Amino acid sequence: MTRIEVLDFVAEAFDTVPVRPHTLVEVAVRNGARDVLLAVLRRLPDVELREPWQLWDHLGEVPESLP
């Protein structure tokens, strides 16, 4: 899983901000995200996010691309 994949499944959630992690999970499920991606999103703290890049403050272990 990469940051691009995460954004592919949750980007539309940022059309209405702020967004909370539970909304990201709902959008990802609706868009058919894999279980591993959903598990990562469920680990996010309950914070308001206004920009997609803020995800990486909490998901720094998700690589930008695969090696």
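The values are calculated or read from the model by the stated rules, or taken from the named source; none is laboratory data. Remember, predicted model here, so these are calculated numbers, not experimental data. With ideal geometry, Cβ positions are generated from the backbone for all residues, glycine too; neighbour counts draw on all protein chains shown.
Summary table
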| read-out | value |
| --- | --- |
| Flag for Val62 being surrounded by 14 or more Cβ atoms within 10 Å (Cβ to Cβ) and either assigned to a helix (DSSP H, G or I) or on the phi > 0 side of the Ramachandran plot (or both) | no |
| Subset of segment 13-25 (residues that are loosely packed, with under 13 Cβ neighbours inside 10 Å and either modelled with pLDDT of 95 or more or part of a helix (DSSP H, G or I) (or both)) | Asp15, Pro18, His22 |
| Scope segment 26-56; condition surrounded by fewer than 20 Cβ atoms within 10 Å (Cβ to Cβ), of a type outside the set (Asp, Glu) and farther than 26 Å from Pro67 by Cα; matching residues | Val27, Val29, Arg30, Pro45, Val47, Arg50 |
| Total residues in segment 47-64, condition touching a helix residue (DSSP H, G or I) at 6+ places or on another chain (Cβ under 9 Å), farther than 16 Å from His22 by Cα and among the hydrophobic types (A, V, I, L, M, F, W, C) | 2 |
